[in-house]
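Undergrad: Before I ask anything, let me first share the structure, which is written out below as structure tokens.
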Amino acid sequence: MSDMKRAPSMWTRGALPGALVMLALLILILTSTLNFSVMGQTDSTVTSRLISEKLPQLLSAFGAVLLAHLVVGAGLGLLAFWAWRGLLGHFVRFPALLSALTALLIHLGVWATHIRRYPQAHVELFGFWPELQRAITHVLPEGLFLTLKVIFGLWLLAAAVRGFLEGFKRKKALALSIVGAIALLVLGYTLYSRSHGAYGGDQTHPNILLLADDSFRADRLDSRATPHLTQLAKTDAFVFSQAYTPIARTFPSWASILTGLWPHEHGIRHMFPAPENRLQGLATLPRLFSQAGYRTAVVADYAGDIFSRLDAGFDSVLAPRFELTSLIGQRALLMEPGILPYLQNPLGQKLFPDQRGLVELPRTEITVDELLQEIDRSDGRPFMIAAFFSTSHFPFAAADPDYRAFTSPDYRGANLYMRFRALEEDPEAIARDMAHVNNLYDGTLLQFDRQVERLISALKERNLWENTIVAITADHGESLGENGIIGHGDHLRGNEISQVPMLMHVPGMKPQKIDAIVRSIDWAPTLLQLAHLEIPKTMSGVDLTPLMRGEEKDLYLTAFAETGLWFTTGGSDFFQSQRLSYPGLLQVVELRDDYNSEICLQPSYEDLVTVAKHRAAWNREHKVISIPTVDGVRYEGWRRLPSGQEVEEEPDVRLKEKLLRWSEGGGRFRLLRDYVLPHRPVAAP
């Protein structure tokens, strides 16, 4: 058969059947309901509006997914056709049907492997038959998947060997050229992947690595969930056991970490700030280190979309985007997650960058890979790199095997792989679900812990451990059933939301545990001091090195905090009856078409959201919380016990006065009957 006749056969009997199989699967799966969510909040009117107003973006996103299915299907069909032709020669009967069936079997095998590894990405699809997904993840033995991989590999190997031998008989030169080309490609890739520039950093100007895991509770720094971090804390890092964030929302919390300022000072008070108010012109860690000759970068996954919106001054930003087109792209991928296994590679991530923002697709290992690649881009200058992991953020989705590390194999609820549904209503089911969610959460920390160990090993292999300061913390903690709540940013009772882990490896300094109260706004001046750089006088945070050197036992700092924007209204959560009310999230945000359809808080709600915030101040013995309501500002007083528990008491007078002075923000706001108001008239929604 001539080459001219063989080519049409290859495409019509291989590529086309495979593409049609994937198209059929796509159509079958897309019969599920299309909806749209922001921060987990859905609204049918928003979905309808998207379809009517953003139809081109929707068509583009789903068109890209359709094209990916066709390309993957064609590739699987060609692979099947080539393999069977290599094994059986021209004696294949019904080659198109055989190619289609083989492509389907290969795809189902690849898909099942992905479902087992990343079950969270497929939960919504299997909502109609959750027991099928459970069978794939919990019933089928691991050995079966290994056996299938071996059979597939042997099948391909047999086809390749036979085809190569046949080709070698006919065209020796061509066969040898192919072998040589493959060898060169492998050698080139190996050399490229191991190459890097000269690393910078020394004792005078050490490298800086700032790592944070979203929603990492301080009380989980223990041997069960974080064995490697626990060991690091015992042997090679300073541990600040009483560290607190000023706000338990990612965007403003990171803004405080990078500026050393309180939220009312840097101006970011919630997750949806206007583009005009995102740290422009402020002294931030990246800007200050860059001015000192450092190379700066940030690497982040899911919740790190803030870095693509934040004007913090990083030289390089590798983070998801938080704009409408990106959210549509993510939704298109989740509508048919069977395509995801083929996209989790460098090419797939370039073509479909929106997958970086999928909370259902854990990327902790990939983020560490990207962080190491950023480190290996060294050009001789010291580096200051921030890495933000969303591993432990709601819905607590860890990859296999970590999501099942602490969970009971007997659990059969709707939250098997992640916090997907609301907890059951009867007390026994609630207790079962709450225990399971806590175990899922611990599994995410185990995954983060495992990857931090890998990162530290990589730093040691590169001889960077002894000239790199490694700081490990969180943007905030997480409530896991305390006060009947799962979440963060909504109230200020207890420690589980505001307290964060705070570890720091500093070469040349003897580590110790520090029990004094410190705040995440103190990170910036401390890192600057350790790098022998000048601390701006505008920073409200303080240098913690006197504690680290043993010169002081306590700096007698007061911690302050405020709540974020409430995403929902009404409901049974205690804080909902103790707040100034405004509509739910999707009713108070808008699309800024002048900024790539970013989602921002409507300006008319800015004042109300700020006035409505709960605020708190605490020291070692007492906590005072101010709660604005329609009937006036209420105050709660809490005695803080050494055990970490809090017992209600009358508000401490001196601490209450400190809270009021802090709330004024150095004259930025005014107090009227203890309400915190702007100096101008308050805007009404």
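The values are calculated or read from the model by the stated rules, or taken from the named source; none is laboratory data. Bear in mind the structure is a predicted one, so any value in this text is a computation, not a measurement. Cβ coordinates were reconstructed from backbone atoms using ideal geometry, including for glycine residues, and neighbour counts include every protein chain displayed. SASA here: full protein model, heavy atoms, side chains in, ligands and nucleic acids out. Shrake-Rupley method; radii C 1.70, N 1.55, O 1.52, S 1.80 Å.
Undergrad: What shape does region 319-417 have by the C-alpha gyration tensor, where a ≥ b ≥ c are the square roots of the eigenvalues, rounded means a/c under 1.5, and otherwise prolate means a/b greater than b/c and oblate the rest?
TA: Working: a/c = 2.22, a/b = 1.40, b/c = 1.58.
Oblate.
Undergrad: Once the piece of chain linking Leu148 and Leu580 is laid out straight, how much longer is it, given 0.36 nm per residue of separation minus the C-alpha distance between them?
TA: Stretched fully, the Leu148-Leu580 segment lengthens by 149.7 nm.
Undergrad: Also, quick follow-up: Rounded to the nearest angstrom and ordered from largest down, what semi-axes does the equivalent ellipsoid of region 581-620 get from its C-alpha gyration tensor (root of 5λ)? Don't skip to the end; give the middle numbers.
TA: Details: eigenvalues 154, 32, 14 Å².
Largest first, region 581-620 gives 28, 13, 8 Å.
Undergrad: Val589's amide H: which non-local residues (gap 5+, or another chain) put their own amide H closer than 5 Å, with H modeled 1.01 Å from N in plane and none for Pro or chain starts?
TA: Gln602
Undergrad: Right, here's the next one. I'd like the antiparallel share, as a percent to the nearest 5, of DSSP beta bridges with both residues in the chain. It would help to have the intermediate numbers written out before the result.
TA: Working: 40 of 67 bridges.
Roughly 60 percent of the DSSP beta bridges within the chain come out antiparallel.
Undergrad: So what's the angle, to the nearest 10 degrees on a 0 to 90 scale, between helix 172-194 and the longest Cα principal axis of the chain?
TA: Between the helix axis and the principal axis of the chain, the angle is about 10 degrees.
Undergrad: Can you list the HN-Hα couplings for region 218-227, worked out from phi with the Karplus curve (6.51, -1.76, 1.60; θ = phi - 60°), rounded to whole Hz and with x for Gly and Pro?
TA: Per-residue couplings from phi come out as 5, 6, 8, 7, 9, 6, 6, 8, 9, x Hz.
Undergrad: While we're on this one: Please state the relative contact order of the chain as a whole percent: Cα pairs under 8 Å, 6+ residues apart?
TA: 16 percent
Undergrad: Let me ask you something else. List the aspartates and glutamates whose Cα lies under 18 Å from the Cα of Lys656, skipping any in the same chain that are fewer than 8 positions away.
TA: Within the straight-line limit of under 18 Å, Lys656 reaches these aspartates and glutamates: Glu562, Glu621, Glu636, Glu646, Glu648, Glu664, Asp674.
Undergrad: Then there is this: Under 15 Å Cα-Cα from Lys350, which aspartates and glutamates qualify once same-chain neighbours fewer than 8 residues away are excluded?
TA: Asp301, Glu370
Undergrad: With a 1.4 Å probe and every protein chain kept in, tell me what percent of the accessible surface of region 559-685 is carbon plus sulfur.
TA: Values: 3080 of 6050 Å².
Percent of accessible area from carbon and sulfur atoms in region 559-685: 51.
Undergrad: Compute the angle between helix 427-461 and the longest alpha-carbon principal axis of the chain, please, reported from 0 to 90 degrees and rounded to the nearest 10.
TA: Helix 427-461 sits at roughly 80 degrees to that axis.
Undergrad: Also: In the P(r) worked out for the chain, what percent of Cα pairs fall beyond 51 Å? Provide the component values of the computation, followed by the final result.
TA: On the way: 39412 of 234270 pairs.
Tail fraction, whole percent: 17.
Undergrad: Would you please give the FRET efficiency between Glu482 and Leu140, computed as 1/(1 + (r/R0)^6) with r the Cβ-Cβ distance and R0 = 60 Å, to the nearest 0.05?
TA: Working: r = 37 Å, r/R0 = 0.62.
FRET efficiency, Glu482 to Leu140: 0.95.
Undergrad: Cα gyration tensor of region 529-670, axes a ≥ b ≥ c as square roots of the eigenvalues: rounded (a/c below 1.5), prolate (a/b > b/c) or oblate?
TA: Oblate is the answer for region 529-670, as a/c is 1.5 or above yet b/c matches or exceeds a/b.
Undergrad: Sticking with this one: Assuming 0.36 nm per residue, please report the length gained on full extension of the stretch Val682 to Arg412 beyond their Cα-Cα distance.
TA: Details: separation 270, 0.36 × 270 = 97.20 nm, distance 5.04 nm.
Extra length from Val682 to Arg412 when fully extended: 92.2 nm.
Undergrad: Another question, if that's okay. Skip the ligands, DNA and RNA, and give the accessible area per residue of region 381-456 with a 1.4 Å probe, whole Å².
TA: 37 Å²
Undergrad: First check a/c for region 510-556, with a ≥ b ≥ c the square roots of the eigenvalues of its C-alpha gyration tensor; if it is under 1.5, answer rounded, and if not, answer prolate when a/b is larger than b/c or oblate otherwise. Each step should come with its number before you reach the end.
TA: Details: a/c = 2.15, a/b = 1.42, b/c = 1.52.
Oblate, since a/c reaches 1.5 and b/c is not below a/b.
Undergrad: For Glu552, which sequence-distant residues (separation of 5 or more, or a different chain) have an amide H within less than 5 Å of its own amide H, given hydrogens modelled in the peptide plane?
TA: Answer set, sorted by chain and number: Leu547.
Undergrad: Under a crude label model (7 Å from the Cα following the beta-carbon direction), how far is Asp315 from Arg620 in nanometres?
TA: 4.4 nm
Undergrad: Quick check: residue separation of Leu608 and Thr558 times 0.36 nm, minus the Cα distance between them. What number comes out in nm? Don't jump to the answer; show the numbers that get you there.
TA: Details: separation 50, 0.36 × 50 = 18.00 nm, distance 2.66 nm.
Full-extension gain reported as 15.3 nm.
Undergrad: Enumerate the calculated ³J(HN,Hα) couplings along region 72-78 in order (Karplus 6.51 cos²θ - 1.76 cosθ + 1.60, θ = phi - 60°), each rounded to whole Hz, writing x wherever the residue is Gly or Pro.
TA: Residue by residue, region 72-78 yields 4, x, 4, x, 5, x, 5 Hz.
Undergrad: Ok, one more. May I ask you to list the residues of region 94-123 whose amide nitrogen lies under 17 Å from a point 7 Å from Cα along the Cα→beta-carbon direction of Leu23?
TA: Correct set: 96-97, 99-101, 103-104.
Undergrad: Just from the alpha-carbon atoms, what are the Rg and Dmax of region 544-611 in angstroms?
TA: Cα only, region 544-611: 19.5, 54 Å (Rg, Dmax).
Undergrad: A further question on this structure: Can you give the longest stretch of the chain with no exposed loop site, where a site means chymotrypsin sites (Phe, Trp or Tyr not before Pro) in a DSSP loop (not H, G, I, E or B) with at most 11 other C-beta atoms within 10 Å? Don't jump to the answer; show the numbers that get you there.
TA: Values: sites that count: Phe91, Tyr556.
No qualifying site falls inside 92-555, the longest such stretch.
Undergrad: Can you list the aspartates and glutamates whose alpha carbon is less than 17 Å from that of Lys149, not counting same-chain residues fewer than 8 positions off?
TA: Here the aspartates and glutamates satisfying the reach criterion relative to Lys149 do not exist.
Undergrad: Quick check: the angle from helix 364-375's long axis to the longest principal axis of the chain, C-alpha only, nearest 10 degrees?
TA: The helix 364-375 is inclined about 80 degrees to the chain.
Undergrad: While we're looking at this one, here's another question. Mind jotting down the distance between the C-alpha centroids of region 429-497 and region 606-685, whole Å?
TA: 28 Å
Undergrad: Can you list residues from other chains, or at least 5 along the same chain, whose modelled amide H is less than 5 Å from the amide H of Leu565?
TA: Met271
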